[in-house]
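Written out below as structure tokens is the structure these notes cover.
The values are calculated or read from the model by the stated rules, or taken from the named source; none is laboratory data. This structure is a prediction, so every number in the text was calculated from the model and none was measured. With ideal geometry, Cβ positions are generated from the backbone for all residues, glycine too; neighbour counts draw on all protein chains shown.
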Amino acid sequence: MQTNRISRKEQDKIRHRNYILTAALELFSEKGYHSVSMQEVAAKAEFAIGTLYKFFKSKEELYKCLIMTKAHEYHDTLYEVLSEKKDVVSIISDYVSAKFRLFDANASALKLYIVGSSGTYYNIQTGFDHEIQSLYNKLLNHIAAVMESGISRNVINNTNPYFMALALEGITNTFLYNLLENLEQDYSETDISVITEMFLHGVLKK
């Protein structure tokens, strides 16, 4: 029986790449894209500049890889929650909680992504905006499928499920954006429950 084991060389390559991405995240979050040089990233990751360029040909490529890596991790976690074999209300509640947990674990990356996705840090011609939008559309479709399931079970009002997905994202993202602007501000599980109830109040059948 064959096993797909990764060689020691490949393991080292993955580990070194992750060191670089971690260093880049810290520097970009602290100083902003334009104020960080590849030399600084190499020094932070404790690699020679030549080694850094073996992994990433330019700062733009490094930045794009960093954001897309974090975006895939973020969305994959949310897909798992949305695919759980639970009732619709529990899935929605778990989804909102998961977004806040991800915020706690990835505040720096999320802030970097939000600033970058405004167009400040990348050239639209790279296709970066298309990749991000594609991921987000996939997430919205997953949420809409959950809403559609709730409609078919007569739990949720018979409203356009995609619009409900947009509404859920709008409510949760508004609160998360506010937290990003006020990182010293704290929140509790009660706050998350209130946000969830705000959405459910509008979509659940009375």
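If a residue counts only when it is among the acidic types (D, E), which helices (runs of 4 or more DSSP H) contained entirely in the range 1-83 have at least 3 such residues?
Per the criteria, 8-31, 59-82.
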Scope the range 41-62; condition under 24 Å from N106 (Cα atoms) and touching a helix residue (DSSP H, G or I) at 6+ places or on another chain (Cβ under 6 Å); matching residues = V41, A42, K44, A45, L52, F55, F56, K59, L62
Can you find even one residue in the range 43-59 that is surrounded by 15 or more Cβ atoms within 10 Å (Cβ to Cβ) and closer than 30 Å to L200 by Cβ?
-> no
Say whether the condition of being among the hydroxyl-bearing types (S, T, Y), modelled with pLDDT under 80 and under 25 Å from E61 (Cβ atoms) is met by at least one residue in the range 125-141.
-> yes
Just checking, which of V36, V81 is touching a residue at least 12 places away in the same chain (Cβ under 8 Å), in contact with a helix residue (DSSP H, G or I) (Cβ under 8 Å, 6 or more places away or on another chain) and in the same structural domain as L110 (by TED's automatic domain parsing)?
-> V81
With respect to the numbered conditions (1) at pLDDT 95 or above; (2) touching a helix residue (DSSP H, G or I) at 6+ places or on another chain (Cβ under 9 Å); (3) assigned by TED's automatic domain parsing to the domain that holds V155, which one is the sole condition not fulfilled by H75?
-> (1)
Return the total of residues in the range 164-204 being in contact with a helix residue (DSSP H, G or I) (Cβ under 7 Å, 6 or more places away or on another chain), in a helix (DSSP H, G or I) and free of Cβ contacts under 8 Å to residues at least 24 places away in the same chain.
-> 1
